[in-house]
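Participant: Right, I'll just put the structure down here and ask away after.
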Amino acid sequence: MSTAMNFSNKSFSPRPPDKGAFPLDHFGECSAFKERFMECLRHSGYESAACRQSAMAYLECRMDRRARQLMANEPLEKLGFKDLINEKSEKKPEKS
């Protein structure tokens, strides 16, 4: 009895994930934002919902540094921060 495996001739070409993986910040350009987020998590008992402002600021930093290719520019609404953006725009004083 043969136990040889039969592999098809199809070639597998891996592709990177759409979201969730991005290059490391080797030069620490956004480390201050990351530290604020981590500090917020520690103070909130690791309740991430309490630290969404910090998370949004960290992602904005990574997108602002696009020349370093830390993260592709993506609308914050698509990243789950639509409610915080609306809240931010409501707090701005109206010009009359």
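Participant: Under the definition of Cα pairs under 8 Å and six or more residues apart, what whole-number percent is the relative contact order of the range 30-88? Please report the intermediate quantities before stating the final value.
Facilitator: Numbers: 43 pairs, mean separation 15.0, N = 59.
Result for the range 30-88 is 25 percent.
Participant: Rounded to the nearest percent, how much of the accessible area of the range 30-88 (1.4 Å probe, protein heavy atoms only) is carbon and sulfur? Don't jump to the answer; show the numbers that get you there.
Facilitator: Details: 1900 of 3860 Å².
Whole-percent figure for carbon plus sulfur exposure: 49.
Participant: With every protein chain present, what is the per residue accessible area of the range 30-88 (1.4 Å probe, Å²)? Intermediate values should be presented prior to the final figure.
Facilitator: Values: 3860 Å² over 59 residues.
For the range 30-88, the per-residue accessible area is 65 Å².
Participant: Let me make sure I get this right: for the range 30-88, a, b and c are the square roots of the gyration tensor eigenvalues over alpha carbons, sorted descending. Under 1.5 in a/c it's rounded, otherwise prolate if a/b > b/c, else oblate. Which is it? It would help to have the intermediate numbers written out before the result.
Facilitator: Working: a/c = 2.68, a/b = 1.27, b/c = 2.10.
Taking the square roots of the gyration eigenvalues as a ≥ b ≥ c, the range 30-88 is oblate.
The values are calculated or read from the model by the stated rules, or taken from the named source; none is laboratory data. The model shown is predicted, which means the values in this text are computed figures rather than measured ones. Accessible surface is based on the protein model in full, side chains and every heavy atom, while ligands, DNA and RNA are left aside. Shrake-Rupley method; radii C 1.70, N 1.55, O 1.52, S 1.80 Å.
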